[in-house]
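Enquirer: Structure in structure tokens, see below.
The values are calculated or read from the model by the stated rules, or taken from the named source; none is laboratory data. Here the structure is a predicted model, which means the values were calculated and not measured. Note that each Cβ is placed from the backbone with ideal geometry, even for glycine, and that neighbours are counted across all protein chains shown. All accessible areas refer to the heavy atoms of the entire protein, side chains included, with ligands and DNA or RNA removed. Shrake-Rupley method; radii C 1.70, N 1.55, O 1.52, S 1.80 Å.
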Amino acid sequence: MTPRDLIILLDCGDTIIDEGTEVHGEDGIVLSGAPIPGAVAMVRDIAAAGFRIALVADGRVASFENLLTACGLHDLFETLTCSETVRHEKPSARMFLAALGSLGLRPEDAGRCVMVGNNLARDVAGANRLGITSVHMAWTPRYPREPAAPEERPDRTIAQPSELLPLLLALEAERGGADPAPASPAARARA
């Protein structure tokens, strides 16, 4: 498989896991939660297409390990960058720079990354400030869908997880990157 040029940074809540289904322990750690429809296939499809994947999420490491392990996705993530360990939350540049560093990238490599998240003020604004391509997953009504400031304007918007892989392939083609991979069996079944 041809190596992919783009590296995918994913949020978790309302991007992979439905925040409304999360069950928290007494210590505040998320014990379980249901994936949003199509999210498990989304992550598996982008991994199968050869994209490197990293988590960039606000919360505790144990919460994301619980959630991603329960839905069989943990091992598809190259790194987990969580606000608990960085001691900053998105949109802080430290979150995104920590993720880049964990992937062996430099700040000048930010243009190779795509941040996918549900929150315009955190995911999109933080990515935009560093030159990371921002993709708003406008799946939930829990968060605003309209930017409150220019820095919250996403580069792209998708409504459903199934829209991510085709978007990534198109973005990579625009950059002159790797040839599009054939659709995975899961993607072909949804088509």
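Enquirer: So, Leu9, is that one open to solvent by 30 Å² or more (accessible area, probe 1.4 Å) and in a strand (DSSP E or B) or not? Quick ask: steps written out before the conclusion?
Expert: Details: open to solvent by 30 Å² or more (accessible area, probe 1.4 Å): no; in a strand (DSSP E or B): yes.
No.
Enquirer: What number of residues in segment 40-49 are open to solvent by 10 Å² or more (accessible area, probe 1.4 Å) and β-branched (Val, Ile, Thr)?
Expert: Selection size over segment 40-49: 1.
Enquirer: From the list Ala54, Ala99, Ala47, pick out the single residue that is of a type in the set (Gly, Ala, Ser), under 14 Å from Leu10 (Cα atoms) and in a strand (DSSP E or B).
Expert: The match here is Ala54.
Enquirer: Now for a different question. For a quick check of your reading of the model, give me the residue pairs whose first member lies in segment 16-39 and is over 26 Å from Leu164 (Cβ atoms) and open to solvent by 30 Å² or more (accessible area, probe 1.4 Å), whose second is modelled with pLDDT of 95 or more and part of a helix (DSSP H, G or I), with beta-carbon atoms closer than 7 Å and at least 6 apart or on different chains.
Expert: Hits for this filter: Leu31/Asn66.
Enquirer: Here's something else I'd like to know. When you check Leu168 against the structure, is it assigned to a helix (DSSP H, G or I), farther than 14 Å from Val56 by Cα and either open to solvent by 20 Å² or more (accessible area, probe 1.4 Å) or modelled with pLDDT of 95 or more (or both), yes or no?
Expert: Against the criterion (assigned to a helix (DSSP H, G or I), farther than 14 Å from Val56 by Cα and either open to solvent by 20 Å² or more (accessible area, probe 1.4 Å) or modelled with pLDDT of 95 or more (or both)), Leu168 qualifies.
Enquirer: Considering segment 88-118 alone, what residues qualify as being under 17 Å from Ala149 (Cβ atoms) and surrounded by fewer than 17 Cβ atoms within 10 Å (Cβ to Cβ)?
Expert: Scanning segment 88-118 gives a single hit, Ala93.
Enquirer: Of the residues that sit in segment 72-87 and are assigned to a helix (DSSP H, G or I) and open to solvent by 70 Å² or more (accessible area, probe 1.4 Å), which one is farthest from Glu152 (Cα to Cα)?
Expert: To start, the set of residues in segment 72-87 that are assigned to a helix (DSSP H, G or I) comprises 74-76, 83-86.
So of that shortlist, the ones also open to solvent by 70 Å² or more (accessible area, probe 1.4 Å) come out as 75, 84-85.
Working: Asp75: 31, Glu84: 24, Thr85: 25 Å.
Of everything passing the filter in segment 72-87, Asp75 is farthest from Glu152 (Cα to Cα).
Enquirer: Can you pull out every residue in segment 54-83 that is of a type in the set (Val, Ile, Thr) and touching a helix residue (DSSP H, G or I) at 6+ places or on another chain (Cβ under 6 Å)?
Expert: Restricting attention to segment 54-83, the residues satisfying the condition of being of a type in the set (Val, Ile, Thr) are 56, 61, 69, 79, 81.
Val56, Val61, Thr79, Thr81 - these are the residues of segment 54-83 that are of a type in the set (Val, Ile, Thr) and touching a helix residue (DSSP H, G or I) at 6+ places or on another chain (Cβ under 6 Å).
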